[in-house]
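Working notes, structure below.
The values are calculated or read from the model by the stated rules, or taken from the named source; none is laboratory data. Please read all numbers here as calculations on a predicted model, not as lab measurements. Using ideal geometry, Cβ is built from the backbone for each residue, glycine included, and neighbour counts are taken over all protein chains shown. Note: accessible area is taken over every heavy atom of the protein model, side chains too, but ligands, DNA and RNA are not part of it. Shrake-Rupley method; radii C 1.70, N 1.55, O 1.52, S 1.80 Å.
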Amino acid sequence: LKLPPAQWEALGGALLDAGGFMQAAWALHAAALLAGDAAGAQARLMEVAAKAGEAGHPKLALKLYQTLLGKYPESAYAQVARAWGAEVGGWDRRGKPDPAAPAGTPDEILSSPSSPTARYLKKIAACA
């Protein structure tokens, strides 16, 4: 499917509004890459991952962060993705599952009011 970046962006926005986080991430990432904006593509993955986490889908958020780490392991966004994965998904500093991680599901960890990630997601949502 060949579409100009603006149409991918519009499609991604509609998918995001409908809760299609994975599809939205793919479309928004493609829009930025087609426009020649690699940093914007990374930002879009981060944005959708944060919205998925905020909407109560931490496993989808983790998957999107893993996607970002796979594509852009040395980016500044990768550091944030690793930190989020360590807190919520029990990852180690490389972005891999850590067998020594504390018990609890991603939902339980995110629901803790002391969670730095929960506070970060609220800040992201307030900016959107």
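What to note about this one:
- Filtered residues of segment 59-86 (kept if of a type in the set (S, T, N, Q) and part of a helix (DSSP H, G or I)): Gln66, Thr67, Gln79
- Qualifying positions in segment 87-100 - part of a helix (DSSP H, G or I) and either at pLDDT 70 or above or charged (D, E, K, R) (or both): Glu87
- Near pairs, Cβ below 7 angstrom, 6+ apart or cross-chain, from segment 53-77 (basic (Lys, Arg)) to any residue that is surrounded by 18 or more Cβ atoms within 10 Å (Cβ to Cβ) and modelled with pLDDT under 85: Lys59/Pro106
- Filter result for Glu47 (open to solvent by 20 Å² or more (accessible area, probe 1.4 Å), within 14 Å of Ala81 (Cβ to Cβ) and in contact with a helix residue (DSSP H, G or I) (Cβ under 9 Å, 6 or more places away or on another chain)): yes
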